[in-house]
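Undergrad: Below is the structure I would like to discuss, written out as structure tokens.
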Amino acid sequence: MKSIKIVLFSFALVIAFTACSDESSTLGGEWVSSDFSSVVTDTCAVKLSTVESDSVETSNLSSVQVGHYKDNNVGDVTSEAFVEYANAYFLRAYNVSYTLDSATIKIKWQGDFVGDTTKVLPINIYELSQNITLNQMTGGLYNSSAAVPWYPTKLAQINTYVYPSSTKKQYEYRLPDSIGQRFLDKVLNSQGQNVMKDQNDFRQYFRGLAFVPCGKPGILPNIQKNDSSLVLTVYYRGDNSTAEQKLVFKPTNPSFTKVIQDVSGSKLAEFSTLPYNNAVPSYDSGNVSFVQSTTGYYTKVEFPTLSNLLRTGQMVSITSAILYLYPAIGTYSNDTNPLPKQLSAYTASFNNATTSQLKSGTGSNATAQTGNLQTVIGVPDIKYYTYDLTSYMQSNLSASDNDKQNIQLTFPTANANTSCKYLMFSNPSYNNGSINYRTKVVIKYTTYNSNKVM
């Protein structure tokens, strides 16, 4: 008889776990009274906060930022670039006279920007009075590093429009002939000397250039820094030939971008009085949280009521959890502040120390989650990102306060320090046009309750 009861009980459990997930079941007859139920909820609180990192490294990258942008969201932002140059040299032919044709600076746009691309971007160019020196402790320079001093007399000013979609086209701007004549004369007058042939000697003669936005243009783009962009070219010819020749001074390392940001009067104004790494809840910044590359702001996501699910049954198991994050409507535009196609997500400890990148799958099949920007069907103005938090929620459901993790959202690594563009996430209290488009987490979980009949 006892063996029959065990078989019946095991059979009941199998039926319970294979039953329709949306129904409750009473199983086991007189031996066990059990109740299984599957629930879907989107009422678990999602807390959004903005956190500011102490610094973002901006040195020795393949691009720099030059420009200015201001609005009520992120305040007044200015970027300046400091670039060192490689030497260039030629051996003069015997008994040949050389004359200058022109000098130019060439630019290619990287593609990232914030601001109005219909406005002219005036850039002042200065010669550095000191060499760019990397931090001896860290080997880098940062968005908050001090500007490299430059000579007060402006070398040149170029006025350009920004073409973020034309990343392969090279734009060339004429510089004063005096710049080209200086380099041509130095080459001709230093034949046999190292000043123009050796990089160490050359960087003492010419320490590099500062690119500084002029005025308040309202456009802040990213400029490529490579063998075909930010190149200083001196065109010349000898009287023994009609062919034009050129000296090409290419940008090299060290280089870095400095960012000056005044957040007073903006939604980030709380950070004017806070030390680094302090979080500002979204309800203190207009019911939005921020992600802004280069300046170091990122969004922190927490689920303060998650543990309440444990009260719904003797045993609770999360089977699915999807986070939906909606950028605040009215804060993005393809013309002035396009949304990134992807966003990186990391898990972090309670004190904001990053632990690992958020992934889906397990083991060798695990892949990093990137959100992947999506559009609401039939509502093209509403965009959102989604992340599978099933594993994250399962591991945090029963964790103590000190062991609970949060999620950090940042721009992808390739863009984290190359653009001042920003993204604002709406919290559930933000008027995003419809209650359907509020940031939320949808959790599916199973509860189990059992009482043995005496």
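Undergrad: Filter region 229-282 down to the residues that are in contact with a Gly (Cβ under 6 Å, 6 or more places away or on another chain) and under 18 Å from Asp185 (Cα atoms) and list them by number.
TA: Val234
Undergrad: What's the number of the condition Phe290 fails, among (1) at positive phi; (2) at pLDDT 95 or above?
TA: Every condition holds for Phe290 apart from (1).
Undergrad: When region 330-358 is examined, which residues are found to be of a type in the set (Ser, Thr, Tyr) and touching a residue at least 60 places away in the same chain (Cβ under 8 Å)? Break it down stepwise before answering.
TA: Taking region 330-358 first, the residues of a type in the set (Ser, Thr, Tyr) are 331-333, 336, 344, 346-347, 349, 354-356.
Selection gives Thr331, Tyr332, Thr336, Ser344, Tyr346, Thr347.
Undergrad: Here is a follow-up. Give just the number: which of (1) touching an Asp or Glu at 6+ places or on another chain (Cβ under 8 Å); (2) among the hydrophobic types (A, V, I, L, M, F, W, C); (3) part of a loop (DSSP other than H, G, I, E, B) does Ile105 not satisfy?
TA: Ile105 satisfies all of (1) touching an Asp or Glu at 6+ places or on another chain (Cβ under 8 Å); (2) among the hydrophobic types (A, V, I, L, M, F, W, C); (3) part of a loop (DSSP other than H, G, I, E, B) except (3).
Undergrad: For region 366-386, enumerate the residues that are in a loop (DSSP other than H, G, I, E, B), in contact (Cβ under 8 Å) with a residue 40 or more places away in the chain and β-branched (Val, Ile, Thr).
TA: Just the residues of region 366-386 that are in a loop (DSSP other than H, G, I, E, B), to begin with: 366, 369-373, 377-378.
Those left that are additionally in contact (Cβ under 8 Å) with a residue 40 or more places away in the chain: 370-371.
If the condition is that a residue be in a loop (DSSP other than H, G, I, E, B), in contact (Cβ under 8 Å) with a residue 40 or more places away in the chain and β-branched (Val, Ile, Thr), then Thr370 is the only one that fits.
Undergrad: Let me ask another. Starting from region 129-143, take each residue that is without any contact (Cβ under 8 Å) to a residue 24 or more places away in the chain and list its partners that are small (Gly, Ala, Ser) and surrounded by 12 or more Cβ atoms within 10 Å (Cβ to Cβ), counting only C-beta distances under 8 angstrom and pairs at least six apart or across chains.
TA: Once the first residue is without any contact (Cβ under 8 Å) to a residue 24 or more places away in the chain and sits in region 129-143, its partners that are small (Gly, Ala, Ser) and surrounded by 12 or more Cβ atoms within 10 Å (Cβ to Cβ) give Asn135/Ser145.
Undergrad: Moving on to the next point. What single numbered condition from (1) under 28 Å from Val288 (Cβ atoms); (2) open to solvent by 20 Å² or more (accessible area, probe 1.4 Å); (3) not β-branched (Val, Ile, Thr) fails to hold for Phe90?
TA: Of the numbered conditions (1) under 28 Å from Val288 (Cβ atoms); (2) open to solvent by 20 Å² or more (accessible area, probe 1.4 Å); (3) not β-branched (Val, Ile, Thr), the odd one out for Phe90 is (1).
Undergrad: Same structure again: What about Val114, is it assigned to a strand (DSSP E or B), modelled with pLDDT of 95 or more and touching a Ser or Thr at 6+ places or on another chain (Cβ under 9 Å)? Write out each step before concluding.
TA: Numbers: assigned to a strand (DSSP E or B): yes; modelled with pLDDT of 95 or more: yes; touching a Ser or Thr at 6+ places or on another chain (Cβ under 9 Å): yes.
In short, yes.
Undergrad: Specify which of the listed residues (Thr305, Thr299) is surrounded by 20 or more Cβ atoms within 10 Å (Cβ to Cβ) and among the β-branched types (Val, Ile, Thr). Spell out how you get there, then give the answer.
TA: Values: Thr305 fails: surrounded by 20 or more Cβ atoms within 10 Å (Cβ to Cβ).
Matching residue, one of Thr305, Thr299: Thr299.
Undergrad: Here is a further query. State whether the residues of region 415-430 include one that is at pLDDT 90 or above and under 17 Å from Ala321 (Cβ atoms).
TA: No, region 415-430 contains no residue that is at pLDDT 90 or above and under 17 Å from Ala321 (Cβ atoms).
Each row is one residue, and each column tells you yes or no for (1) in a loop (DSSP other than H, G, I, E, B); (2) acidic (Asp, Glu).
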residue	(1), (2)
Ile318	no, no
Leu323	no, no
Ile329	yes, no
Asp335	yes, yes
Leu339	yes, no
Gln342	yes, no
Thr347	no, no
Asn351	yes, no
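Undergrad: Need a quick list: strands (runs of 3 or more DSSP E) entirely within region 387-454 having at least 1 residues that are basic (Lys, Arg) and surrounded by fewer than 18 Cβ atoms within 10 Å (Cβ to Cβ). Talk me through it step by step, then tell me what you get.
TA: Values: elements: 406-410, 422-426, 440-452.
Output list reads 440-452.
Undergrad: Could you list, in sequence order, all residues of region 169-209 that are open to solvent by 30 Å² or more (accessible area, probe 1.4 Å), farther than 18 Å from Gln130 by Cα and without any contact (Cβ under 8 Å) to a residue 12 or more places away in the chain?
TA: If the condition is that a residue be open to solvent by 30 Å² or more (accessible area, probe 1.4 Å), farther than 18 Å from Gln130 by Cα and without any contact (Cβ under 8 Å) to a residue 12 or more places away in the chain, then Ser178, Arg182, Asp185, Asn189, Gly192, Gln193, Asn194 are the ones that fit.
Undergrad: Still on this model: State all residues of region 317-332 that are more than 15 Å from Tyr385 (Cα to Cα) and either more than 17 Å from the chain's Cα centre (by Cα) or open to solvent by less than 10 Å² (accessible area, probe 1.4 Å) (or both); if no residue qualifies, say none.
TA: Filtering region 317-332 for residues more than 15 Å from Tyr385 (Cα to Cα) gives 317-320, 330-331.
Answer for region 317-332, where residues must be more than 15 Å from Tyr385 (Cα to Cα) and either more than 17 Å from the chain's Cα centre (by Cα) or open to solvent by less than 10 Å² (accessible area, probe 1.4 Å) (or both): Ser317, Ile318, Thr319, Ser320, Gly330.
Undergrad: Same structure, new question: Among the residues that make up region 42-49, is at least one of them at pLDDT below 50 and in a loop (DSSP other than H, G, I, E, B)?
TA: The initial filter retains those residues of region 42-49 that are at pLDDT below 50, namely none.
No, region 42-49 has no match at all.
Undergrad: Also, I was wondering about something else. Can Pro152 be described as outside any strand (DSSP E or B), of a type outside the set (A, V, I, L, M) and free of Cβ contacts under 8 Å to residues at least 40 places away in the same chain?
TA: Criteria met by Pro152.
The values are calculated or read from the model by the stated rules, or taken from the named source; none is laboratory data. Quick caveat, the model's predicted, so the values are computed rather than measured. Note that each Cβ is placed from the backbone with ideal geometry, even for glycine, and that neighbours are counted across all protein chains shown. For accessibility, only protein heavy atoms count, side chains too; no ligands or nucleic acids. Shrake-Rupley method; radii C 1.70, N 1.55, O 1.52, S 1.80 Å.
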